[in-house]
Structure formats: structure tokens, C-alpha cells
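To start, the structure under review is shown below, and the notes come after it.
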Amino acid sequence: MPVSDHAVLALETGDTFFGFAFGAEAPGAGEVVFNTSMTGYQEISTDASYRGQIVVMTYPLIDNYGVNPDDVESRRPWIAGLAVRELAPTHSNWRQQSDMQSFLAQHGIPGIQGIDTRALTRTLRIKGHKRGVLRRAPAAVANGLDPFTWIRGQAPSAKAWAAEQVQAARRVLPYSEQRYVAEVTTPDRQVAGPVRWAPWPTPPQRAGSPRIALLDVGVKTNIVRSLVSRGCHVDVLPYGASVHEVEGTDPDGVLVCNGPGDPEQADQAIETVRDLIGRRPLMGVCLGHQILGLAIGATTSRLPYGHRGANQPIKDLDTGRAHITSQNHGFQVDAASIPPGSGFRVSHVNLNDGSVEGLAHDSLPVFSVQYHPEASPGPQDNQYLFDRFLDLVDDNRRS
Amino acid sequence: MPDLSSVLIVGSGPIVIGQAAEFDYAGTQACKAMREEGVRSILINSNPATIMTDEDIADRVYIEPLTVPLIERVIARERPDGLLASMGGQTGLNLAVDLADAGILDKYGVRVLGTPIEAVRDGEDRERFRALMQRIGEPVPQSRIVTSLPEAWDFAQTCGFPLIIRPAYTLGGSGGGVAYHEDEFEAVVSLGLQTSPIRQVLIERSLIGWKEVEYEVMRDGADNCITVCNMENFDPMGVHTGDSIVFAPSQTLSDKEYQMLRSASLKIIRALGVEGGCNIQFGLDPNSFDYFVIEVNPRVSRSSALASKATGYPIARIAAKIALGRRLDDLRNPITQTTSAAFEPALDYVVTKIPRWPFDKFARADRRLGTQMKATGEVMAIERTLEASLNKAVRGMENGGRTLLWEDPEWAGNESAIWWRIEHAHDERLWAVMAALRRGATPDDINRRSGIDRFFLDKMANILATERRLLAEPLTPDLVWHAKRQGFSDAMIASLGDTLPERVRELRESAGMRPTFKMVDTCAAEFDAATPYFWSTYESENEAVTSGEPAAVVLGSGPIRIGQGIEFDYCSVHSAWALENAGRESVLINSNPETVSTDFDTSTRLYFEALDEENVAEVLRNESTNGSAPPIVAQFGGQTAINLAGPLYNAGFQIAGSGVAAIDEAENRDKFDRFLERLGILRPPGATVTRIRDALDVADSLGYPVVARPSYVLGGRAMQVVDDRAELESYIEKVTQPSPEHPVLIDKYLQGREVEVDAICDGRDSLIPGIMEHIERAGVHSGDSFAVYPPVSVTPDEEAVLLDYTQRICAGLRVRGLVNIQYVLFGGQVYVLEVNPRASRTVPFLSKATGVPMVKLATRVMFDATLADLGYEPGLVPSRPLFAVKAPVFSTGKLSGVDTYLGPEMKSTGEVMGVDATFPAALHKAMIASGIDVPASGDLLVSIADRDKSEAAPIVADFADLGFGLLATDGTADYIETHLELPVRRVGKMRSGSPNVEDFIREGRAALVINTLTGRREAIQDGHYMRRAAAETRTPCLTSLDTAQALAAALREARGEFAVQTIDEYRAAPA
């Protein structure tokens, strides 16, 4: 059936947003989430943590500076769809080589523009994470409807067809039941190669090239860059790597990275991490933090609509300092569930909603943060956490 | 929290180019913050037209000149624990440095709050700033500080051109410039050296053509840092940021560039040790990651006001709390009230700022834009696309109805005029770009010739594409929708689609196409926000839902311009408060980001919108309950609001208070004449003419001099006193041609004393809070005159007539609300010059001098209260035991090419108030506060027109008597020697070679200049250069003998002896 450029984003709630398609012709389905970052759409698209999610950018103008070969956070874009108010038809930046339209099309990912993304965001904030379907209308449905009529969504044929998409959204496998980590992890163990560091000053170099095992549950390239640019040797291990496989790389420290999905689905990583605690210095980031939480016997739960953006304030309870962080998560470690006597405590909290943003052990070299110290996109203010981790690694090596 | 119980807040003084209403906004926020934190605020500012100087904003209000000796006396009297100077712009910071240097802060144990003095010095002193940046590894352009021309040449030879010259310690980049070639270099450097109070300029490698990006950064005492907003300029480097069109957030920066500059900003604010807000400007290479730090302002600024309004984040308020020792992470975001203040706002819209330049008033000014700021105000627009944001901002400029469709008729067939405006940054560049695109230029062509980023040019090309569709295609709902989503007004669509705006509206409405209103919530809808701060766009969901409670819509006054300044913002704010006090919701509409009126908590609901008929009408429709729109309060928003009253009334909306008929009766010359005739009140004889011949005939029959002006003008635009027939012919030829569409008024010029009355009328009874007498004789625009309350030479009989006339005019026009009446006392008669049934610019001054809450009363009587209900007896309020003098303040030093002589056309940008127990002391204070701070001795340079010489003689003698040495041009010197027999040194006229009168002034050898204008062309030229030299070197230059005489009297009688009291103490009892 021939498709048109008219498209709809339909939520399981029955809310429908009529707009115009870009990217792939294929439909997209998944959980619909919003991100408030005003820059960094390329990094967001290629962040594997968005696997299975249709991302709504709240900033209305997207693709102003196009797409370039450097600002990718993994080998491909992972989002299930992109919803924006306006996709820039032309782009202006000295590094620009491509654009989101062709980048997404090339990877079979659809997008929708022209919709009231603020209304959509408010819907998600009020109603929470919802499943949705993003689909181009068949030519027969779109036929003869001018953009104004289409956007209003009042034409009977369009309404009926959109109602079918709402039904389709209700059939999408719930996010928590998906096992995304296995899909996004590196297929084989790899040694991270040399990296091109971003346009900011080179971070402090570590002596003796510490060996870091990175348990890849959906890693963002900038985590690898952050370690390699400090002089680390980084072994990237696939999800499912056992404690023996991890230790087989003779690591001075282990980093469990970000990734997609419900942390409870990452059972193999939970097990590995549980065994690693106390054996190696350990840092968890985002999903890695939630995995650590589950590994120590705490529980995780869904946030009402998640934290996704480059402006999330947290407080480091050890230093008393506030930091602006880059975040992308829908789950949290439940503070009350941290087992007493485990030696773990909440080290960072979110200044907006008080949720747990970090865990630390009283004596072991183990800590985790819910946010993204590697940023990309987002503020570079939290790069110091990699130094803190490598300090633990150094201390541990010496003792 | 440190132990602080009282804090002295220093305001920024009068509105001048480079320092406008944003500091009233900041200071008011600071006072509110003090109150919230339980700290007593002591405020000093010389500008009465400010909300911050309201007695219910600060705890102790001193309206006094901002000088070190007077501030010291306030400190001695109040013994504040802390000084908060970073809210008062450059003026405030400079005063803080001066107070510290003079040892006054140490002497009284006053701590500088917020940003330490050392940080100020590091940010302001170019050499120290450079050294600091080098220490932390942040790149600064190659530059050198010089204090002399030879040093400057030395650097130029090593660096090459173009070079930027920036004087140290000046505001708005005053006195700076760009030298493209060797032959311009010396002139620019000399001017810079003269303008800098410390005779120091920075010469810097030019980054012309690079992107200009700004960050607004905050830091607290615990070293927590956030960036509130970044902004990208449409104009590449080379144009002062105050004169640049600016978008927020940045548009063409990838996350890598955004974060690179953000990280640099944090590093810089930490290195400076700023505690509060800070603005950092960068130049960014469009072709690499290279950047340079250009400038840092270690205080709240114009940009931070813009960023506050653009994001909703109240920078000044948070900065004030940080200064008191609070931390970002223990403060809540006042917009959401539930989330943390330690966060960075996320925008889900595009903000456009466009400066408002005064070139409509100053036809002879050099309109090219550079490092010296020339704009008086600015307009901001919020929309979902860049095209719509830009279009809306242009609509908000109120520049004679200019939209992006506008072209200068002279551009037809003259492409070079267009390209000249594009290549040289020029205030019409935006329109010139559209014009070039219309003529087939590509965005790449324009980018090559201007450096403007292709992204912005592509957006403008999109606007043009829609323009072409509207010209070519039938107006379908789809096409109109497309155009509305790009910000085209109904009027623009109608003019392109060859129909009427009403037809476009009908088409829209029948298709169900109405604007929706979205909220500014700091967080892109991530959290629930209760802040009623809205803007319009064409989307699907409307968030501005009315409560159904009784409301009224207050029209603001738009961007600040000459003739329509901060006074009207003061009035709008008070009106909104008065409505809420009276149990009515206030809905405020304004487009000016610098103001208190656009603060999210001033009104019940704020709509940040361009003040054009369509936008206002749509807000009114959105505010309607059961199909009925709230009444409109149009008296307080200056001419902007008055001009909207008629069309809105005709469209079926209700105007509160004085009706449209009253406005028309007062503004329509013929109706007004008949009205006065009925009352038996005199006005200067004259007539309205629509033909040249009639103009000359009328003038002949009246007898010269006459006053000529176009009808319906603001701020005396194009008004002129004409001495003879030849001058009238030249006026008609150069200024305005009478025609039936554009009638010209010719009135007899009565050279009498001018008196001004503001009154409040409830439709029957009138309250006159006070009478103000002008120091200068009639013929000088009232906005440019010194004025004194209470009057000093009005007799009881004259006062009785003024009172009687005022009451009868008010009752006759059935005024409900405020009215301003200007009178001239001439030959024993009282004549009415004009009646304006609205708030005038003297309302704040008179409110402060008399203590009568004029706007509050006016607002109440507009909604059916009577003066009696409000507890006021009709008639003249007894005078307070004080004298208050209003003095005008000019910014002409920054506008090259503009003549500074006083006339019927308004030129001042701001005003100050001097208050004291005696008239000479009040006058002297006003003079000092307005910048006429003349030492008790020094040289007076006089150059007087022949017809004024006899009148000038005793004044000159007075100055000689006071100890001034006399310098004079030949004719004047002859007269002084012959008639006064005083020693005088002669100064050559312009054509007599060097050193001539201009050189004398430029070299700072005259402490004061008195120069009167002759009608003769050559002398105008001579005088022009003299007055320019005085303006640019900040040498006081008086062009009215009345002002000169008043100054002499003030110097003689006040002898520098002043009282220092709060304004309510002055009102209560003599010092």
C-alpha cells in the first residue's frame, strides 16, 4: 500500500498527533518519552538507552546544525522514532555532512514533524510514559487533505485510521517486558581503540594505563572516550559476560554503563555485578547504577515520566555541592529498599524530586550515579566522576 | 546566612543608551528578595520613574544624585551592613569601586555583597581581565591597553587592521569603534581616550564575521554554578550586543560547541569569583572550534534581563539572594515553586530580541552599527519557529507599522543602497536582507557579504517564499495557516493577498484558526508550573485558561524610545497592582523584556506579545468569558496604548475610563478648538492646514514666530519653532508637506512660562496633585525641560485660573482617569497648549514628590469609584514642604551626527529628580544628577547668537562672579568686553583653523559650554560641531539661557549645601 508524507503519532491513551513524516517509510512503535535538551539530537538518537523509545524533542527546532560523523554515541541510531515540531530544511554548521532525514531513513527509523510537541509533552507528563505508534498514512487516507486539515485531525477518514493506530499502540509489548540490553550490546569482546576527544581540554592523564573492563549494556561512546582519553586500557565486554570473563581481562576496575530497558530484565549483568562487588573497584552509570542497586538487594521502580534532559540538578551529599547533569532514565533505585547493613548509602539525590541519583559504599571502592558523567549531550561538569573512579582504581592497585 | 539586617542597594540613575529599564527590573527584584529574606532595604537612585523607588518596594527610599559624597551621607545615616551594587548596572559597579577606593566602605564597616570588588576590577579592567584569562587558559584576542596615541600606533603596526577600540569603564561601549584602515585609526583612538574616565582604551584584534554567542551564568558562594541561557546573535561580531538582533537559545551550535562555551563560562565565573549573575560574550569561528572570550559583565545586565524574560528564570532575584548568602540548591525555582533553582532552564520556543533605535527621531544620525550602542530599547518575541519569532518581534517594534514587508521607497532600482545596509551593519539591515532576497540574491551571497549565518538567511528566505505564495495563490485556510505559523499578521497576509485584514480574520475564524497561548515555565513542560506567563502561537493546545473572575487588560508601552520611556512602564505596573487591590484580575500585555511590567508576578496574567491590534484583540478574545471581553486600560501605555484604543473600540471592545471620544476631542485640532471655545478658554491662535499656501498665509496672519508640527505626533516629533517665512518654506520642504492625509498645525509661538498639570478626574470632580513649572520658556519640549514642583513663580491668581481651567476641561471632556494639560502663561493670560487624556511622563515624578498615588486613584476611578469614595477632596492638593526638580538626561554623546540643542522636538532619553527643602538646592541636585556637575570654578565657554546677547550678558556676568574664567567666540567676546567689561579669552571659530572652539572642548579645557542657536545656517554648522564635541566629551553644554540662568542661581545660592533624607521625610517636614 503506497504511503504518504502525512503521519500520525498515536498513543495508547487515545491521544493522536497529526503531522508530517520524515526519515524511514517504515512505522515505529515503542514507549513515547520526551527529552528537554536543546542541543544534541544526534547524540540522543544514537544513545542505545533509547532503544524501544519514540523520542519527543521539546525544543521545537531540530536538525539546525545537521549531522556529522563525530557526534555519534554508538554504531547506529537506536530510537524507535523521532517527534519534533520542525525539522530544519537547511542546516548550518561547519562540521555538517548529512542531516537527520537521511540519517534516520538510512537506518529505517521514522520521524514526525509539525505536531504540537508541547501538548504531547504535557500529555506525557500528566499521564506518564505511554506506548505509541508513529506511522505514515496510506495514500488513500491522506488523499486530498491539505496540511492544515490534516494537522487538525478532524477529517473522518483520518480520524478512523488514527483510531486504528491507537489500537496498535495498545498492542505494543510493554517496555518493561522487553529485553533490549541483549540487542544493543557489543557482539564480542573488543579493545577500545584510540578516540578523538571533543573540543574541550584533555582530561588529567592516569599513570600506568589502568585496565578497565566495561560491561556493555548499551554503552555511549563518550564513556569509552572519557576513559581512553585519560590513558586507560578499556576492554568492552558483551552483556552476559560472567564474573570470570570480566576478571579474565585482568581489570583494575569495572564500569557498568548505561543502557535501555527495565533493569530487572538485565539479570545476567545483575548477577555479574553482585559477584564483582568487593573484588574490583566498580562504577555504575545509569542502567549500571540500577543494576548495582538490584545486585545489592535494593528494588527499582518506574519514575512517573522519567528524567531526560541536560539540565537535571543533583546534589552530591558527600560534598554538599549541586551539579547540573545530563540524564536519561525512566527507572530509579528505591531509596527505602537499600538493605540496611549492606554498607551502601544514597550519595546523590535529585534536587527536583528527591529521587536517588547515586549510591556509594562506606568502605568498598564501589559507587554509581544515575546520571551521565560522560554527558554528550549535556554539561561536562561531571567528568570528575571518572577521575574519582580512577582514583579508587589507583588506590586499590596500590593496596 | 551571614548576619545582615540592612542592605544599601544602588540604582543605575537615569535612562541612557546602554542603561535602561532593565536595572529598574533588577533593582526591584533585589528589593523584593530583601523583603522575602527579612532584610531591610535602603535604596538610592536619582531616577523617579522607577518602581524600585516606590516606598512599598524598598524600606528606605533616597531619591538623590548618585555621587560618592551623597551616598556616603546615606551610609552615615543608615549604617547599612551591606552594599549591593551589582543591580545598578555600570553606574552601580563604578560607584561601588569609587566608594571602596575612597575608604568609605571600610570607614562605616559596609560589606560589599555578592560579587567582590576585586572580581569587578578583574572583569572591568581589561589588563587584569586578560591576565586572568591567560592564567586559566581561556583565549582572548590579541590586544593592548594604551593610554596614548603613540602606544596605539605601536600596537597597530604589529597587529594590522581592522582593529576594535574599546574605552575602559564606559557604558554601552560608549566612545568605542572599529578602525578598518590607518586613516581612521587616530580619530577612533582619540575619541576612545577622551571618553574613558581613566583615559585608557583597549585595542583589539577584530573578529568581524565570527559568530557572537553569549552565556548568562550564575554562581553562589558555595561555588555552585549554572548557566541560565545562551544566546546567538544574528549580527556577527562587530556590532555591540545591545544593538544586535539576538536569538535564544543558540541556533547553529551543536552540543559540542554549546558545551565547550558553557564549560568556558563556568570556568570564567569561578575564576572571577562572582557571586550572583554574570554575562560572558564569546566570538566563535564559524569554521572551527576556535573561540575567544570577548567580554564579561560581572553583574546583572541588559542581557540578563532578556535571559530572565526569555526563560522565566528571575536572575536578578536569585542573584540578590545569593548576595545575601543563600545557595542555589536551597532556593526553589519561583516559576514551578516545586523544583530547584539550581537547574538550567529548557526552552521550547524561539526568542527573538530586536533593538529599538532612535533614528526615527534623529534623521541626521549615523545609522551604522558598531561597537558603540545606539539603541534606546528593545522588543522581544516568543514563538515556536524562528520565522514566526522574527516576524512577531518586528511587529512589536512599533516602527511606524513596519513589518518585514517594508522597504524604503529609495531602494527601488537602487541595489547599492540595499547592499550598503547589509555590508555595513545598519539598523535597517534586516529589511535590506529581505529586499536583497526579493531581488534574487541567495542566502550564500548575503552570507559572503555580511557574515550573517546561512541558517538565519535561510529562515528569511522561507518567509519570502511564503510572501510569494501569498502574492500568487488564492487565500485558502491552508495557506493562511502556513503563513500564521510563520508569524505573518492578518494585515500582512491581507496586503499580499489583496484583501482586508478583517477578511483574513473572518477566514481564519470560520476555519477555526485561532492562536493558542503557551506558558513560559522554565522547563519545557517537564514540570507543572502555575506561572501565568503566556505567549501566542498557532498550535493545537491552549494553556491560558481564564478564571472567569472580573478582569481588565492593561496595555503596556512596548519598547523604550525617546518620548516613551520607563515612566509608562511605571504607570502600567501600578495600574495592574491597583486592579488587583480593587479585587479585579489584571491582565498585562507588553513586548519589552527590560521592564517590571513583564515580570511574571506583576500582574495576574502576563501576555508577552507585540502590541499590535491583532495580537491585543486575540488576547482579549482569549480572556473573554461568555463572549464578553474584559475592559481595556489604555491610559498608561503611552501613545502605543492610546493609538490602539480607537481601533479596538471600533472592533467592539470596551475602553475603561475616558472614552475614545475624549481622546479624539483632545487630539483632533478642530474639535479641540471648538471645545475650548465653548469653555471660553484661550489657546495660542493657529490653524490646521492641508496645503502649502495655506500654511504660509496662516503664518503671515499670525505673525512670526510660529510653531509648526504635523498633527498626531509623539514626543514633539518634527515640531519646530519657525522665525520667518523662509524658514517655514524650508521646514515644509524638508520636514513635512501638508496634505489632506497629513495636516500640519501652525500655531502662534508664545514665548512665555510653561506650566504643566496632571490631574485625576472621576468624570465630574478633579484632583490636582500638583502643578509643575518649567524652567525653560515655552518652545523647549516638555520632556526636555527642567521642571519644578511646586511652581516658583506662579501667582495665586494664575494658580486659581489653572485650577479652574483644569477642572472645567476635565469635566467637559468627561475624563475618567488621568489627564495631562500643558499651559503657557503669557502676557498676563493663561493659554492651553495641549490636553492629553492619559498618563503623562511626569506621573511618577509628581507621585513621588507629592505622595499622591496617582495611578492607583486613576485606575480606581476608571472603574466607577469616585474621588470621594477614595477619600480625596477635589481640587489642588496642598503643596508639600519640599522642592522637587525634574531634569532631562540625554544620550546624544552616543549618537554621532545628532545635534543636541533643545527645541520642540524631544531628545532626552531619561530624567532625574532632585529634591530638597529649598529650590536652589533641589535644582542643583537635579543638575548634578543629570550630569551637569560643574565645579565651582573653571572656564566657561560662551558662544551666543546675536539676538540673545543682551539677555545672556547678566548670566555670563553671574558665572564670572562665581569665579569662572570666560572663553568666548569672537562676536560674543566683543560683546562681553564692551558691555560687561570683563576679561575674556578668545577662541577661534571652526573655520579659523586650529586651535578652534571644537579643539578647546575636545581637549577638556571648558568646564561648561553655553551656546544658543541662531537661525543662520553657517552658525548652526559651527554650533553643531561645538555641541557634538561637548556631547562626546561629556562637557555640560546648555543651549537654553533659562537653564544657564538656573544653574548660575543654583551654584550661587545652594553653595553645595544639601539635605539628605528619604523622600517621605522630605514630604513630611522641612529638613
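For this structure, a couple of remarks:
- Restricting segment B:347-363 to residues that are surrounded by 24 or more Cβ atoms within 10 Å (Cβ to Cβ) and within 14 Å of chain A (Cβ to nearest Cβ) leaves a set whose member that is farthest from the chain's Cα centre (by Cα) is B:Asp348.
Each row is one residue, and each column tells you yes or no for (1) of a type outside the set (S, T, N, Q); (2) at negative phi; (3) crowded, with 21+ Cβ neighbours inside 10 Å; (4) in a helix (DSSP H, G or I).
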position	(1), (2), (3), (4)
B:Ser86	no, yes, yes, no
B:Thr115	no, yes, yes, no
B:Val120	yes, yes, yes, yes
B:Phe129	yes, yes, yes, yes
B:Gln134	no, yes, no, yes
B:Ala152	yes, yes, yes, yes
B:Ile165	yes, yes, yes, no
B:Gly175	yes, no, yes, no
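Each row is one residue, and each column tells you yes or no for (1) over 25 Å from B:Gly242 (Cβ atoms); (2) out of contact with any strand residue (DSSP E or B) (no Cβ under 8 Å at 6 or more places or on another chain); (3) outside the structural domain of B:Val520 (by TED's automatic domain parsing); (4) not charged (D, E, K, R).
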position	(1), (2), (3), (4)
B:Ala305	no, yes, yes, yes
B:Lys309	no, no, yes, no
B:Ile315	no, no, yes, yes
B:Ile318	no, no, yes, yes
B:Leu328	yes, no, yes, yes
B:Pro334	yes, yes, yes, yes
B:Thr338	yes, no, yes, yes
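- For B:Asp366, the conditions (1) of a type in the set (D, E, K, R); (2) more than 13 Å from every other protein chain (Cβ to nearest Cβ); (3) assigned to a helix (DSSP H, G or I) are fulfilled apart from (3).
- Test: residue in segment A:178-191 that is aliphatic (A, V, I, L, M) and out of contact with any Gly (no Cβ under 9 Å at 6 or more places or on another chain): yes
- Residue that is farthest from B:Leu405 (Cα to Cα), among those in segment B:444-484 that are touching a residue at least 60 places away in the same chain (Cβ under 8 Å), at the interface with another protein chain (Cβ under 9 Å from one of its Cβ atoms) and assigned to a helix (DSSP H, G or I): B:Phe455
- Unmet requirement for A:Leu61, which otherwise passes all of (1) at positive phi; (2) within 14 Å of chain B (Cβ to nearest Cβ): (1)
- Filtered residue count, segment A:64-93, keeping only those that are among the hydrophobic types (A, V, I, L, M, F, W, C) and within 14 Å of chain B (Cβ to nearest Cβ): 6
- Subset of segment A:351-399 that is hydrophobic (A, V, I, L, M, F, W, C) and part of a loop (DSSP other than H, G, I, E, B) - its residue that is nearest to the other protein chains (Cβ to nearest Cβ): A:Leu351
- Test for B:Val815: is it hydrophobic (A, V, I, L, M, F, W, C), in contact with a Leu (Cβ under 8 Å, 6 or more places away or on another chain) and crowded, with 20+ Cβ neighbours inside 10 Å: no
- Scope segment B:1054-1066; condition closer than 12 Å to B:Lys925 by Cα and charged (D, E, K, R); matching residues: B:Arg1055, B:Glu1057
- Only listed residue being crowded, with 24+ Cβ neighbours inside 10 Å and at pLDDT 95 or above, chosen from B:Ala417, B:Ala381: B:Ala381
- When we screen B:Val545, B:Val554, B:Val520 for residues that are at negative phi, within 14 Å of another protein chain (Cβ to nearest Cβ) and touching a Ser or Thr at 6+ places or on another chain (Cβ under 9 Å), the only hit is B:Val520.
- Exactly one residue among B:Ile1010, B:Ile1001, B:Ile955, B:Ile976 is part of a strand (DSSP E or B) and either touching a residue at least 60 places away in the same chain (Cβ under 8 Å) or out of contact with any Cys (no Cβ under 6 Å at 6 or more places or on another chain) (or both), and that residue is B:Ile1010.
- Unique match (being closer than 17 Å to A:Lys220 by Cβ, among the small types (Gly, Ala, Ser) and either assigned by TED's automatic domain parsing to the domain that holds A:Val224 or buried (at least 21 other Cβ atoms within 10 Å of the Cβ) (or both)) among A:Gly320, A:Gly261: A:Gly261
Condition check ((1) within 26 Å of B:Val379 (Cα to Cα); (2) touching a residue at least 12 places away in the same chain (Cβ under 8 Å); (3) within 13 Å of chain A (Cβ to nearest Cβ); (4) touching a Pro at 6+ places or on another chain (Cβ under 7 Å)) across all residues:
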position: B:Val213; (1), (2), (3), (4): yes, yes, yes, no
position: B:Ala222; (1), (2), (3), (4): no, yes, yes, no
position: B:Cys225; (1), (2), (3), (4): no, yes, yes, no
position: B:Asn233; (1), (2), (3), (4): yes, yes, no, no
position: B:Pro249; (1), (2), (3), (4): yes, yes, yes, no
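- Test: B:Ile809 is in a helix (DSSP H, G or I) and crowded, with 23+ Cβ neighbours inside 10 Å: yes
- Search result, residues across segment A:205-222 that are within 14 Å of another protein chain (Cβ to nearest Cβ) and either closer than 21 Å to A:Pro281 by Cβ or acidic (Asp, Glu) (or both): A:Lys220, A:Asn222
- Only one of the numbered conditions (1) surrounded by fewer than 24 Cβ atoms within 10 Å (Cβ to Cβ); (2) in contact (Cβ under 8 Å) with a residue 60 or more places away in the chain; (3) closer than 22 Å to A:Arg321 by Cα; (4) within 14 Å of another protein chain (Cβ to nearest Cβ) is violated by B:Glu344, and that is (1).
- Residues of segment A:279-299 satisfying the condition of being within 24 Å of A:Ala336 (Cβ to Cβ) and surrounded by fewer than 19 Cβ atoms within 10 Å (Cβ to Cβ): A:Gly297, A:Thr299
- Single match in B:Leu306, B:Leu328 (criterion: within 30 Å of A:Asn352 (Cβ to Cβ), away from chain A (no Cβ under 14 Å) and either surrounded by fewer than 23 Cβ atoms within 10 Å (Cβ to Cβ) or not charged (D, E, K, R) (or both)): B:Leu306
- On the stretch given as segment B:219-263, residues that are part of a helix (DSSP H, G or I), small (Gly, Ala, Ser) and surrounded by fewer than 24 Cβ atoms within 10 Å (Cβ to Cβ) total 1.
- Of the residues contained in segment B:275-295, one or more are found to be in a loop (DSSP other than H, G, I, E, B) and closer than 27 Å to B:Gln19 by Cα.
Quick grid of which residues meet (1) part of a helix (DSSP H, G or I); (2) surrounded by fewer than 17 Cβ atoms within 10 Å (Cβ to Cβ); (3) within 14 Å of chain B (Cβ to nearest Cβ); (4) in contact (Cβ under 8 Å) with a residue 60 or more places away in the chain:
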{"site": "A:Ala105", "(1), (2), (3), (4)": "yes, no, no, yes"}
{"site": "A:Thr123", "(1), (2), (3), (4)": "yes, no, yes, yes"}
{"site": "A:Ile126", "(1), (2), (3), (4)": "yes, yes, yes, no"}
{"site": "A:Ile151", "(1), (2), (3), (4)": "yes, no, yes, yes"}
{"site": "A:Ala160", "(1), (2), (3), (4)": "yes, yes, no, no"}
{"site": "A:Glu164", "(1), (2), (3), (4)": "yes, yes, no, no"}
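- Test for B:Arg838: is it within 28 Å of B:Gly646 (Cβ to Cβ), part of a loop (DSSP other than H, G, I, E, B) and of a type in the set (Lys, Arg): yes
The values are calculated or read from the model by the stated rules, or taken from the named source; none is laboratory data. Quick caveat: nothing in here was measured; it's all calculated off a predicted structure. Reconstructed Cβ throughout: ideal geometry from the backbone, glycine too, with neighbour counts over all protein chains shown.
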